[in-house]
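*Asks:* After the structure tokens below, expect a handful of questions from me.
Every number in this text was worked out from the coordinates using simple rules, so none of it is lab data. Owing to the predicted nature of the structure, the values given are computational and were not obtained by experimental measurement. Glycine gets a Cβ as well: all are built from the backbone with ideal geometry, and neighbour counts include every protein chain shown.
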């Protein structure tokens, strides 16, 4: 009898130990392959449990699919998994994975808006990181109601898409992204206006529009305030801006890409062509960098009305048309010499 009792007791101990080991493996043993840093998993809205498991497995997060599925079913947590973007480190247990997924402990995605771009380019860049499409982002930019809510109109809204790095949850919708970026611009703008010693008498829409022209005119940060000063001088004098970037914008709208300007392009009948129409164009031609907006708010006070490229990314500035023509002739000679040297090297 004693022998049978010992056998039964031993069997019970082994059973309990086996159950304990199984529970440990299911819940507390690491269930990821070895990898460095973190791995991301995207679970779309409406994805069922099996689709979520597929996403984990495809991204190389699961060591054992079977143990994860068992844990999810035994706890019922598999039915509570929420959509979103998640990151996991190596060594995570099934409990860790399921706790993160069922509580929706998402990791924000990093979104960097490029400067001096077209709306279509920015939409494509943004949509690569988010769950919405480029078309959704463009629709938000063109929404008059959203623009009015944000204190502008749909013609100017894109200019406020300040080139910076932002963090959003992957499932954030396009209007919310546009709204948050515009609000970030507003915070930046208020700070810069209050710090500028003598900002120009322009509305935020006009500042963004002028900054967008400067953005395409020069990439030299030191020159931006001087270029802005030239255009402000022309505006105050009632001159046409005669800004080549606005002509490029008209060409881009008609032909889909930039190219070298021809004499006939300056006669193109387009509302953004500042050779034909005085004052600022109807809206920004791109999204200016913060440094360019700052350059307009802190534009140089000078008597320059002209500038011409030097061929090295900088410009020569002139007060009179005679000075400007001499500088322009020097630039044209330089370009001819470069083309001649290029032909000879080919």
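*Asks:* Helix 2-27 versus the longest principal axis of the chain: what angle, 0 to 90°, nearest 10, using Cα atoms?
*Replies:* Between helix and principal axis, roughly 10 degrees.
*Asks:* Between residue 237 and residue 164, 0.36 nm times their residue separation minus their Cα-Cα distance comes to what?
*Replies:* Full-extension gain reported as 22.8 nm.
*Asks:* Tell me, what is the percent relative contact order of the chain, built from C-alpha pairs under 8 Å that lie six or more residues apart?
*Replies:* Relative contact order, the chain: 14 percent.
*Asks:* May I pose another question? Against the longest alpha carbon principal axis of the chain, how many degrees, from 0 to 90 and to the nearest 10, is the axis of helix 174-195 turned?
*Replies:* Rounded to the nearest ten degrees, it is 50.
*Asks:* Enter the mean projected area of the convex hull around the alpha-carbon atoms of segment 109-192, in nm², rounded to one decimal.
*Replies:* Result: a mean projected hull area of 4.9 nm².
*Asks:* Between residue 334 and residue 258, what is the label-to-label distance in nm when each label sits 7 Å out along the Cα-to-Cβ direction?
*Replies:* 1.7 nm
*Asks:* Can you give me the C-alpha center-to-center distance between segment 251-297 and segment 64-99, rounded to a whole angstrom?
*Replies:* Taking the Cα centre of segment 64-99 as reference, the centre of segment 251-297 is 53 Å away.
*Asks:* Another one. What order, most packed first, do the peptides 39-48, 136-145 have when packing is the mean number of other Cβ atoms within 10 Å of each residue?
*Replies:* By packing density, highest mean first, the sequence is 136-145, 39-48.
*Asks:* Now, a different point. Please report the relative contact order for segment 25-102, taking Cα pairs under 8 Å with a sequence separation of at least 6, and give it as a percent rounded to a whole number.
*Replies:* Details: 125 pairs, mean separation 37.6, N = 78.
Relative contact order of segment 25-102: 48 percent.
*Asks:* Add -39500 (n - 2.57) for each DSSP H run of 4 or more in the chain, then divide by its residues: what number comes out at 222 nm, to the nearest 500 deg cm²/dmol?
*Replies:* Rounded to the nearest 500, it is -16500 deg cm²/dmol.
*Asks:* Turning to a different aspect of this structure: Would you mind telling me which residue in 289, 309, 34 has the biggest mean-square fluctuation in a Gaussian network model of the chain, where springs connect alpha carbons within a distance under 10 angstrom?
*Replies:* Sorting by GNM fluctuation, first place goes to 34.
*Asks:* On a 0 to 90 degree scale, rounded to 10, what angle separates helix 204-217 from the longest Cα axis of the chain?
*Replies:* 80 degrees
*Asks:* Based on the Kirkwood radius over alpha-carbon pairs, what value in µm²/s does the Stokes-Einstein equation return for the translational diffusion coefficient of segment 25-102 at 37 °C and 0.692 mPa s?
*Replies:* 271 µm²/s
*Asks:* Once you put a point 7 Å from the Cα of residue 35 and another 7 Å from the Cα of residue 69, both along the Cβ direction, what distance in nm separates them?
*Replies:* 2.0 nm
*Asks:* Now for a different question. Take the Cα pairs of segment 166-303, get the Kirkwood Rh, then feed it into Stokes-Einstein at 25 °C and 0.890 mPa s and tell me D in µm²/s.
*Replies:* 153 µm²/s
*Asks:* Calculate, in nm to one decimal, what residue 51 and residue 219 gain on full extension: separation in residues at 0.36 nm each, minus their alpha carbon distance.
*Replies:* The residue 51-residue 219 span can extend by a further 55.8 nm.
*Asks:* Same structure again: Compute the Rg/Rh shape ratio of the chain: radius of gyration over Kirkwood radius, all on alpha-carbon atoms.
*Replies:* For the chain, the value is 1.23.
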